[in-house]
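Report on the following structure.
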Amino acid sequence: MNNSKTKGLLGLLILLCAIGLFGFFGYDTMDDIKLGLDLAGGVSITYQAVAENPTAEEMSDTIYKLQQRVQNYSTEAEVYQEGSNRINIDIPGVSDANAILEELGKPGSLIFVDESGQVILTGDQVASAKAGITEQNGIRAYIVSLTFTEEGTKAFADATTANVGKRIAIIYDGKLYSNPVVREAITGGQCQIDGMSEYEEAEQLASTIRIGSLSLELEELRSNVVGAKLGQEAISTSLKAGAIGFAIVSVFMIGVYLIPGLAAVLALALYVGLILILLSAFDVTLTLPGIAGIILSVGMAVDANVIIFTRIKEEIGVGKTVHSAIKTGFAKALSAILDGNITTLIAAAVLYLRGSGTVKGFATTLAIGIVLSMVTALFITRAALAALYHAGFEDAKFYGTKKDRTPMNFLGKRNICFILSLAVIVAGWAGMALNNGQTGRILNYGMDFTGGTSTNVTFNEDLSLEDISSKVVPVVSGITGDADVQTQKVAGTNEVIIKTKTLSVDQRKAMEEAMVANFGVEAEKITTESISGAVSVEMKRDAFVAVIMATVLMLLYIWFRFKDIRFAASAILALVHDVLVVLTFYALAKWSVGSTFIACMLTIVGYSINATIVIFDRIRENLAKQTARESLEDIVNASITQTFTRSINTSLTTFVMVFVLFLLGVSSIREFALPLMVGIVCGTYSSVCLVGAMWYVMNTRKKKEN
């Protein structure tokens with residue numbers, strides 16, 4: 001590569017990275033990204049059941065179906081019960097309540113009726129309804145395609161068989177929407193409705209049918225535009241934490257890895273800019289935990305670079321030239337990087353397809369981060385490193401060396417590690433049992449899980465978010481004893497929504513008196529309702545099923561790649577260990593278990609599997625060149641020792657990013673960052689001290705049995 005091309009490439013990389021950093025740490029970039037309720041507010045719609053006393057099952061089923069529907073607007077939308085017969089929907093990133101109501105439709109009763117007036121099918125027997133366009137003989141027609149449930153398929157087959165040549169009317173809230181003629185018996189569970197004059201009419205009918213599948217008939221009670229829960233201060237402190245964390249990681253990478261470290265910093269800067277561009281392109285709703293996730297991903301993206309640079313140092317240490325070491329280092333690191341990231345990507349795909357709410361949003365961000373980290377490490381870092389090398393940094397002293405170290409006897413301490421891990425897990429179960437005896441709950445579940453009380457207060461003046469945070473929240477916390485108070489402003493009014501844990505009658509009265517005494521609020525302008533958790537039973541079930549499926553598929557992939565079920569079994573046991581240890585801290589420290597709990601646990605699983613794959617990759621490599629003098633114990637100890645620096649450095653950079661976030665972030669971010677720090681330490685410990693030991697024990701037991 002000639003000198004002018006080298007300078008041009010390096011200059012372009014620096015420019016792109018500067019743009020990426022400016023975009024991340026400048027506030028204007030955030031305008032192009034859809035922000036969540038906690039950062040930018042959104043639309044809040046309250047529906048009320050028409051039936052006077054709906055059952056708990058009907059309310060729960062309706063909430064779940066609405067949750068599935070509003071995910072078309074945002075995976076971070078919240079649907080929860082208010083009182084005994086109301087359902088509240090909060091949709092972030094939008095500000096036109098009327099437009100949302102028009103698009104979402106009015107939930108009501110949908111029925112299919114034959115010519116004699118008998119109801120043959122109800123809306124809850126329709127699985128899906130989609131608008132479409134067909135063309136026959138050059139004539140365009142607009143249709144709605146229906147798919148029925150198993151029960152609906154049988155009912156519709158019976159009805160159409162008995163009504164060939166007759167009409168079946170589709171009636172919604174007493175209004176006739178369609179009255180098609182049955183041309184033949186329809187037994188396949190699908191049908192089409194035609195006769196619409198334009199696509200918008202077909203889309204409206206499809207929307208009507210989808211809404212009509214709800215278990216309850218609902219009517220709109222009120223709709224408001226609500227402000228952010230946290231405000232600009234939360235964004236600025238998180239971005240400041242990101243800037244400081246990135247600077248520390250940059251200094252560390254350059255100090256430890258020299259020229260390769262500089263190449264990694266350039267690639268990571270571009271990585272940050274690109275991830276924000278993709279968040280905007282894929283219309284991902286960014287919440288405060290999402291910002292934490294991006295900052296965390298910067299630390300995790302270092303991992304691939306550390307794997308590569310460690311390999312380069314090793315190749316230089318055995319006498320290869322720098323040019324050859326770079327080429328060989330990337331080649332040898334490829335399998336570990338691909339296997340680790342593909343394993344996590346499989347989990348992300350399953351979580352997205354099977355999960356809902358926070359889980360689906362987490363999976364989207366995770367997948368984007370995984371793909372980008374691979375691209376930047378394997379291509380951008382390589383290009384930057386090549387440019388720096390050809391720019392004159394050809395001496396080995398700019399890259400460092402790493403010679404073989406005497407293997408540490410990790411397996412010799414395996415029994416101590418097994419006992420220590422078991423003791424911590426048992427302590428966690430004991431703590432949960434104690435919590436259950438004291439409070440009736442094994443963990444300190446927050447409002448997102450248990451629900452609480454929503455108090456609407458209309459103040460005499462328009463309070464700012466800062467005033468609410470500094471004046472109103474302390475008063476509320478003092479009365480309720482709840483440190484996790486959530487507040488939102490209703491746009492264009494002086495009304496503030498205050499959400500707390502479930503309050504007793506006396507606490508509600510005390511809170512009303514405090515609002516009157518401290519802020520001069522009129523008592524009649526204070527209303528209180530009980531609300532359910534935003535994380536429904538169905539969402540918990542979806543998350544659990546998704547995690548189980550992801551775990552099984554990860555196990556199968558590791559088994560396939562490493563040709564040994566013991567590798568897969570050890571990896572999964574390590575993941576379970578990490579989750580249980582973090583759960584122990586949740587139980588013993590009584591950390592609040594809210595909506596970020598699921599994302600936190602999933603982050604730990606994704607982080608831990610990467611570290612495990614790196615060690616397994618080195619064991620696989622060393623087994624292929626095992627000599628007669630080397631025992632299996634020697635192989636495992638040597639593999640863990642060879643990857644030990646990588647394990648520590650990656651964990652350290654990730655920990656630094658999260659620790660800075662913990663120091664500077666707002667309270668809700670600290671609740672997310674604290675268990676993540678525990679998870680990072682635990683994931684490193686399990687990868688270094690447990691995974692290899694478990695694989696070794698399984699192998700030696702098999703040999704004894706044979």
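Only one entry in V605, V579 is without any contact (Cβ under 8 Å) to a residue 60 or more places away in the chain and either of a type in the set (V, I, T) or not in a helix (DSSP H, G or I) (or both), namely V579.
Sub-9 Å Cβ pairs linking a first residue in the stretch 183-197 that is at positive phi to a second residue that is part of a loop (DSSP other than H, G, I, E, B) and open to solvent by 70 Å² or more (accessible area, probe 1.4 Å), at least 6 apart or interchain, number zero. Look at (1) modelled with pLDDT under 80; (2) open to solvent by less than 10 Å² (accessible area, probe 1.4 Å) and you find that K106 fails only one, number (2). Going through (1) open to solvent by 30 Å² or more (accessible area, probe 1.4 Å); (2) assigned to a helix (DSSP H, G or I) one by one, D484 falls short only on (2). Pairing residues of the stretch 616-641 that are within 17 Å of M694 (Cβ to Cβ) with residues that are among the charged types (D, E, K, R) and open to solvent by 10 Å² or more (accessible area, probe 1.4 Å), at Cβ distances under 7 Å and at least 6 apart in sequence or on separate chains, gives S639/R618. Among the residues of the stretch 659-688, those identified as modelled with pLDDT under 85, open to solvent by less than 50 Å² (accessible area, probe 1.4 Å) and part of a helix (DSSP H, G or I) are L661, S668, I669, F672, A673. For the stretch 423-453, the set of residues classified as within 24 Å of the chain's Cα centre (by Cα) and part of a helix (DSSP H, G or I) consists of M447, D448, F449, T450, listed by residue number.
Does any residue of the stretch 464-480 turn out to be part of a strand (DSSP E or B), touching a residue at least 12 places away in the same chain (Cβ under 8 Å), polar (S, T, N, Q) and open to solvent by less than 70 Å² (accessible area, probe 1.4 Å)? The answer is no, given that none of the residues of the stretch 464-480 is part of a strand (DSSP E or B), touching a residue at least 12 places away in the same chain (Cβ under 8 Å), polar (S, T, N, Q) and open to solvent by less than 70 Å² (accessible area, probe 1.4 Å). Just so you know, in the stretch 398-422 the residues that are among the polar types (S, T, N, Q) and in a helix (DSSP H, G or I) include one that is most open to solvent (accessible area, probe 1.4 Å), and it is N415.
Taken over the stretch 628-658, the residue count meeting the criterion of being part of a helix (DSSP H, G or I), of a type in the set (G, A, S) and open to solvent by 10 Å² or more (accessible area, probe 1.4 Å) is 2. Going by what's in this entry, would A427 be described as within 30 Å of T500 (Cβ to Cβ), surrounded by fewer than 18 Cβ atoms within 10 Å (Cβ to Cβ), at pLDDT 85 or above and not acidic (D, E)? Taking the combined requirement at face value, the residue does not satisfy it.
Pairing each residue of the stretch 380-397 that is over 11 Å from L262 (Cβ atoms) and of a type outside the set (D, E, K, R) with any residue that is open to solvent by 40 Å² or more (accessible area, probe 1.4 Å) and not in a helix (DSSP H, G or I), provided the two are 6+ apart or on different chains, yields C-beta distances under 6 Å for H390/M1. Looking at I120, I133, just one residue is part of a strand (DSSP E or B), open to solvent by 80 Å² or more (accessible area, probe 1.4 Å) and under 27 Å from K65 (Cα atoms), and that residue is I133. None of F585, F597 is of a type in the set (F, W, Y), part of a helix (DSSP H, G or I) and at pLDDT below 90 except F597.
Just the residues that are closer than 19 Å to G594 by Cα and open to solvent by less than 70 Å² (accessible area, probe 1.4 Å), please, taken from the stretch 498-517. Explain how you work it out, then say what you get.
Taking the stretch 498-517 as the starting set, the residues that turn out to be closer than 19 Å to G594 by Cα are 498-503.
Of everything in the stretch 498-517, those that are closer than 19 Å to G594 by Cα and open to solvent by less than 70 Å² (accessible area, probe 1.4 Å) turn out to be I498, K499, T500, L503.
Could you list, in sequence order, the residues of the stretch 323-346 that are touching a residue at least 24 places away in the same chain (Cβ under 8 Å) and open to solvent by less than 10 Å² (accessible area, probe 1.4 Å)? The answer is A325, F330, A333, A336, I337, D339, G340, T343, T344. When the stretch 560-602 is filtered for residues that are under 19 Å from T612 (Cβ atoms) and among the basic types (K, R), the ones remaining, listed by number, are R561, K563, R566.
In the condition set (1) buried (at least 16 other Cβ atoms within 10 Å of the Cβ); (2) farther than 30 Å from E495 by Cβ, I531 is compliant with all but (2).
Can you give me the number of residues within the stretch 487-497 that are β-branched (V, I, T), modelled with pLDDT under 85 and buried (at least 19 other Cβ atoms within 10 Å of the Cβ)?
Applying the first criterion (β-branched (V, I, T)) to the stretch 487-497 yields 487, 490, 493, 496-497.
Filter once more, so that each one left must be modelled with pLDDT under 85: 487, 490, 493.
Imposing the further condition that a residue be buried (at least 19 other Cβ atoms within 10 Å of the Cβ) reduces the set to 487.
Here the count works out to 1.
Inspection of the stretch 51-66 finds no residue satisfying the criterion of being in a strand (DSSP E or B) and at pLDDT 80 or above.
Under the condition of being of a type outside the set (A, V, I, L, M, F, W, C), modelled with pLDDT under 80 and open to solvent by less than 40 Å² (accessible area, probe 1.4 Å), which residue from the stretch 347-376 is nearest to T596 (Cα to Cα)? Break it down stepwise before answering.
Looking only at the stretch 347-376, we keep the residues that are of a type outside the set (A, V, I, L, M, F, W, C), and these are 352, 354-358, 360-361, 364-365, 369, 373, 376.
Retained after the next criterion (residues that are modelled with pLDDT under 80): 352, 354-358, 360-361, 364-365.
Filter again for open to solvent by less than 40 Å² (accessible area, probe 1.4 Å), leaving 355-358, 360-361, 364-365.
Working: G355: 14, S356: 14, G357: 11, T358: 8, K360: 13, G361: 11, T364: 15, T365: 14 Å.
Here the residue is T358.
Restricting to the stretch 570-598, name every residue that is over 20 Å from the mean Cα position of the chain (by Cα) and open to solvent by less than 30 Å² (accessible area, probe 1.4 Å). Selection gives S570, A571, I572, A574, H577, V581, T584, A587.
Among the residues of the stretch 377-397, those that are open to solvent by 70 Å² or more (accessible area, probe 1.4 Å) and within 38 Å of the chain's Cα centre (by Cα) comprise F379, R382. Can you name the residue in the stretch 430-463 that is open to solvent by less than 20 Å² (accessible area, probe 1.4 Å) and of a type in the set (V, I, T) and is also farthest from I598 (Cα to Cα) among such residues? This residue is V457.
The values are calculated or read from the model by the stated rules, or taken from the named source; none is laboratory data. This is a predicted model, so every value here is computed, not measured. All Cβ positions, glycine included, derive from the backbone under ideal geometry; neighbour counts span all protein chains shown. When the accessible area is computed, the model is the full protein with side chains, heavy atoms only, and any ligands, DNA or RNA have been set aside. Shrake-Rupley method; radii C 1.70, N 1.55, O 1.52, S 1.80 Å.
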